[in-house]
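Notes follow the structure.
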Amino acid sequence: MARVELLTGERAPLLARPYYERGDPGPIAAALANVPELMDVALPFVGAVYGPTSLPPRLKEIVILGVSAANRCRYCTETHTGVARRLGFAPDELAAMRGEAPPPRRWDERERALLAFSEALSNRPGEAVELLRPHFGEPEIVELVTLGSATVMLNRFATALELPA
């Protein structure tokens, strides 16, 4: 059970109700609905970082799930295991991203670097960027660091509030 009330559309403050127009907005938004002023900043930011960008969704998901597993965020790991499955990741790839197995041999150097980056960003952030440098340009590095850092923030949010998976 979550440590704060996850507001339904009926209980949400007026300023939060637009986020419920398409149904249940999910536990992160339902928790943020307690402070709708934060929704107007946080949710568009998360949407921009997690949404379509110049990086392929597959590469972004390696970072999101890898960071979430490294931070032991149950909610984010379970949620993004489902996302990764829908993106076509195989069971051995999911196990690697969840920190349960080494990366598959068929992964290229960029994919391997992203998994190593995810763990480093979570545990040794000062070393993380150098793992990306041989494989990505500076705009991609900035985007990947932003994606990974936003994931760390959401990991902490979801873990502290014990959001249900």
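Scan the range 35-44 residue by residue and report those that are open to solvent by 70 Å² or more (accessible area, probe 1.4 Å) and either assigned to a loop (DSSP other than H, G, I, E, B) or over 19 Å from ARG156 (Cα atoms) (or both).
Once the filter is applied, which keeps residues that are open to solvent by 70 Å² or more (accessible area, probe 1.4 Å) and either assigned to a loop (DSSP other than H, G, I, E, B) or over 19 Å from ARG156 (Cα atoms) (or both), the range 35-44 yields GLU37, ASP40.
Just checking, which of ALA16, ALA12 is of a type outside the set (Ser, Thr, Tyr), crowded, with 20+ Cβ neighbours inside 10 Å and assigned to a loop (DSSP other than H, G, I, E, B)?
ALA12
Can you find a residue that is assigned to a helix (DSSP H, G or I), in contact with a Pro (Cβ under 6 Å, 6 or more places away or on another chain) and surrounded by 21 or more Cβ atoms within 10 Å (Cβ to Cβ) anywhere in the range 116-124?
No - not one qualifying residue is present in the range 116-124.
Just wondering, is there one or more residues in the range 91-105 that are over 20 Å from ARG72 (Cα atoms) and small (Gly, Ala, Ser)?
So the first thing to find is which residues in the range 91-105 are over 20 Å from ARG72 (Cα atoms), and the list is 104-105.
With the extra rule that they be small (Gly, Ala, Ser), the set shrinks to none.
No.
Given the criterion within 30 Å of ILE141 (Cβ to Cβ), without any contact (Cβ under 8 Å) to a residue 60 or more places away in the chain and open to solvent by 20 Å² or more (accessible area, probe 1.4 Å), identify the matching residue among GLY23, GLY47.
It is GLY47.
Before we move on, is ALA95 of a type in the set (A, V, I, L, M), under 30 Å from ALA30 (Cα atoms) and within 16 Å of the chain's Cα centre (by Cα)?
No.
Filter the range 125-165 down to the residues that are open to solvent by less than 70 Å² (accessible area, probe 1.4 Å), farther than 14 Å from ALA70 by Cα, part of a helix (DSSP H, G or I) and of a type outside the set (A, V, I, L, M, F, W, C) and list them by number.
Passing the criteria: GLU140, GLU143, THR146.
The values are calculated or read from the model by the stated rules, or taken from the named source; none is laboratory data. Bear in mind the structure is a predicted one, so any value in this text is a computation, not a measurement. Note: ideal-geometry Cβ built from the backbone for every residue, glycine included; neighbour counts use all protein chains shown. Note: accessible area is taken over every heavy atom of the protein model, side chains too, but ligands, DNA and RNA are not part of it. Shrake-Rupley method; radii C 1.70, N 1.55, O 1.52, S 1.80 Å.
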